[in-house]
Amino acid sequence: MSQNREQWGSKLGFILAASGSAVGIGNIWKYPSMAGQNGGGAFTIIYLACILIVGLSIVVAEFVIGRKTQLSPVGAFEQLAPNTNWKWVGFLGVAAAFVILSFYGVVGGWILKYIIDSLSGGFTELAGNTDAASVVFNEFITSTFSPIIYQLFFMGLCIFVIIKGVKGGIEKWSKIMMPLIVVLLGVLAIRGMTLEGGMAGISFLFNPRFEDLTASAIVLALGHSFFTVSLGMGTMITYGSYLNKKQNLVTSALWVIFLDTAIAMLAGVAIFTTVFALGGNPAEGPGLIFVILPSVFPQLAGGTLWGTIFFILLFMAALTSAISILEVVTAYFIDQKGWSRKKATLQFGGVITIVGVFCSFSLGGGINITGFLGMPFFDVMDYLSSKYMLPIGGMLTAIFILKKWGISEYMIELKTGMEGMNLSSSLVKIFLIISALVVAFIIFNEIYFEIAGKALIG
Ligand code: PFF
């Protein structure tokens with residue numbers, strides 16, 4: 001263990017930083033629309049099962065690997081399995097960090113632009129007019145320079161926080177932003193529930209409709225459980241590497257999963273109560289956030305305030321996730337190459353920003369990088385990371401523990417810090433086996449779909 005490795009200042013700080021990574025754009029634009037459209041409460045039951053079996057097993061596994069080795073992913077796998085190919089699982093994580101942050105930073109920039117638009121009353125003319133809101137959004141994201149300027153701001157902030165270090169940057173900012181996200185979302189959810197007709201949004205989100213729960217919804221729930229808890233690319237290995245031996249890793253992981261899920265549900269309540277009360281369309285993904293909401297908020301009394309609150313909290317959620325991604329890359333260059341934190345962050349934060357500029361261009365604002373997989377570069381990055389890189393990384397992490405490191409060695413590190421709590425190694429093993437098998441099937445299903453044009457299930 002390196003003598004001067006940075007450490008978290010407190011247990012709470014670590015939990016807030018890890019849940020800050022988990023709670024991101026995915027919680028706010030993916031979970032609510034997925035649940036609403038795929039059987040409401042029925043989807044949520046499946047999602048909870050995925051997150052409690054697969055999500056929990058892999059979060060704990062990443063924490064254990066990080067804390068044991070006190071290293072970021074590449075070094076961690078190298079230390080536990082010297083002179084083997086397992087270090088490539090670590091490299092896959094660093095590569096995934098590049099891929100995800102390049103498009104995530106672009107979306108972070110869009111959010112920043114929407115805060116400013118909302119504050120300056122720019123949504124007022126979009127009231128009730130989704131067509132106009134859609135034109136504004138499309139014109140913005142397909143223009144050349146404007147999205148890049150906002151993206152640069154967003155990435156600049158990430159770089160600023162990461163340069164400040166683990167305790168003085170990541171932990172400090174997560175401790176401010178995470179409670180604020182919960183409070184602001186709570187305020188928006190109460191506002192939505194007290195609107196006439198708002199409760200219809202709650203039933204859209206939570207009423208179990210088993211007839212709408214298709215096989216593809218189950219596959220969706222599993223895939224999302226990786227992205228939403230930031231798994232499979234070593235973020236939690238990196239965050240775990242700044243821990244001391246006193247932390248109970250199982251309860252910490254349960255906290256992260258609980259906060260991630262609770263905030264996703266709260267976001268769903270805040271969004272759908274408002275959308276249903278004002279007769280909006282419960283659309284999916286970016287359209288829900290950047291088109292429907294800007295046309296819905298100005299119809300409320302004090303709409304400028306509600307819109308601004310929403311985009312500020314979304315911005316904070318995006319920032320606490322983006323910094324965790326940048327930390328994976330930074331920690332690699334510090335641990336493996338001996339670089340200073342400042343040099344690693346500036347150089348690779350810069351490289352990722354440049355890749356992000358091409359993601360933004362690919363949406364129409366310049367160089368049209370289509371052709372590869374038949375989608376814009378921006379979508380390719382999203383597709384590669386969420387469909388392949390994260391699930392493969394997570395599956396290999398589970399296999400690594402089962403086949404290479406060994407469950408008994410793993411249990412020794414896992415049990416450190418949880419004295420008094422009984423945990424059977426067979427149960428841990430079963431959870432890891434189920435996770436590896438289920439994820440292997442999902443990846444196979446996706447590849448089969450690409451080759452055969454139809455999925456085995458879904
Ligand atoms: N968990 C984040 C979200 O739900 O938006 C996304 C993410 C962050 C994925 C960090 C992976 C990661 F390492």
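The values are calculated or read from the model by the stated rules, or taken from the named source; none is laboratory data. None of these values were measured; they are calculated from a predicted model. Here the Cβ is made from the backbone with ideal geometry for all residues, glycine too, and neighbour counts use every protein chain on show. The protein model used for the area step is the full one, side chains on, heavy atoms only, and it has no ligands, DNA or RNA in it. Shrake-Rupley method; radii C 1.70, N 1.55, O 1.52, S 1.80 Å.
Here are the numbers for this structure:
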{"read-out": "Set of lysines with alpha-carbon distance to LYS30 below 28 Å, sequence-local pairs under 8 removed", "value": "LYS113, LYS172, LYS175, LYS387, LYS454"}
{"read-out": "Accessible surface, per residue, of the chain when the full set of protein chains is kept, probe 1.4 Å, Å²", "value": "38 Å²"}
{"read-out": "Share of Cα-Cα pairs in region 91-132 lying beyond 13 Å, as whole percent", "value": "66 percent"}
{"read-out": "Å³ per residue enclosed by the Cα convex hull of region 150-267", "value": "172 Å³"}
{"read-out": "Portion, in percent, of the accessible area of the chain that falls on carbon or sulfur, probe 1.4 Å", "value": "66 percent"}
{"read-out": "Alpha carbon convex hull of region 212-253, volume per residue in cubic angstrom", "value": "77 Å³"}
{"read-out": "Low-density loop positions, GluC sites (Glu not before Pro), region 389-458 - DSSP coil, at most 16 other Cβ in 10 Å", "value": "GLU419"}
{"read-out": "Rounded Å value of the spacing that divides the Cα centres of region 106-123 and region 15-91", "value": "30 Å"}
{"read-out": "Cα convex hull of region 136-208 - mean projected area over all directions, nm²", "value": "8.2 nm²"}
{"read-out": "Charge dipole of the chain about the Cα centre (unit charges at C-beta), most positive-ward option of PHE297, GLY128, ALA61", "value": "ALA61"}
{"read-out": "In order through region 377-384: 3J(HN,Hα) via Karplus (6.51 cos²θ - 1.76 cosθ + 1.60), integer Hz, x for Gly, Pro", "value": "3, 4, 5, 4, 4, 5, 4, 4"}
{"read-out": "Note, ³J(HN,Hα) from phi for region 391-401, Karplus 6.51, -1.76, 1.60, rounded to Hz, x at Gly and Pro", "value": "x, 5, x, x, 5, 5, 4, 5, 5, 4, 5"}
{"read-out": "Cα gyration tensor shape for region 42-110, rounded if a/c is under 1.5, else prolate or oblate", "value": "oblate"}
{"read-out": "Value at 222 nm in deg cm²/dmol, rounded to 500, when DSSP H runs of n ≥ 4 in the chain each add -39,500 (n - 2.57)", "value": "-22000 deg cm²/dmol"}
{"read-out": "Top positive-direction residue, dipole computed over the chain with Cβ charges, set ILE237, SER102, TYR410", "value": "TYR410"}
{"read-out": "C-alpha center-to-center spacing [region 386-450, region 294-366] in angstrom", "value": "29 Å"}
{"read-out": "Neighbour net charge for LYS164 - beta-carbon separation under 14 angstrom, K R +1, D E -1", "value": "+2"}
{"read-out": "In sequence order, calculated HN-Hα J values of region 150-161 (Karplus, 6.51, -1.76, 1.60; Hz; x Gly/Pro)", "value": "5, 4, 4, 4, 4, 5, x, 5, 4, 4, 4, 5"}
{"read-out": "Whichever lysines have a C-alpha closer than 24 Å to that of LYS415, once near sequence neighbours (fewer than 8 apart) are set aside", "value": "LYS11, LYS68, LYS245, LYS246, LYS403, LYS404, LYS429"}
{"read-out": "Global size of region 180-328 as Cα Rg and Dmax, reported in angstrom", "value": "17.4, 52"}
{"read-out": "Rounded Å value of the spacing that divides the Cα centres of region 156-173 and region 209-254", "value": "23 Å"}
{"read-out": "Listed peptides 270-278, 392-400, 282-290 by packing density, highest first (mean Cβ within 10 Å)", "value": "270-278, 392-400, 282-290"}
{"read-out": "Distance cut-off 22 Å, percentage of C-alpha pairs in region 89-236 lying past it", "value": "63 percent"}
{"read-out": "Partner aspartates and glutamates for LYS87 [C-alpha distance under 19 Å; skip if fewer than 8 residues away on the same chain]", "value": "GLU62, GLU78, GLU327, ASP335, GLU409"}
{"read-out": "Calculated diffusion of region 88-168, Stokes-Einstein form, Kirkwood radius summed over Cα pairs, 20 °C and 1.002 mPa s, µm²/s", "value": "145 µm²/s"}
{"read-out": "Positive-end residue, the chain charge dipole about Cα centroid, Cβ charges, pick of ILE181, PHE333, ILE116", "value": "PHE333"}
{"read-out": "Whole-angstrom Cα spans of the chain along principal axes, big to small", "value": "61, 49, 47"}
{"read-out": "Taking the chain and dividing mean pair separation by its residue count, relative contact order in percent (alpha carbons under 8 Å, at least six apart)", "value": "33 percent"}
{"read-out": "Cα gyration tensor shape for region 294-445, rounded if a/c is under 1.5, else prolate or oblate", "value": "prolate"}
{"read-out": "Cα-derived Rg to Rh of region 227-296, Kirkwood definition", "value": "1.18"}
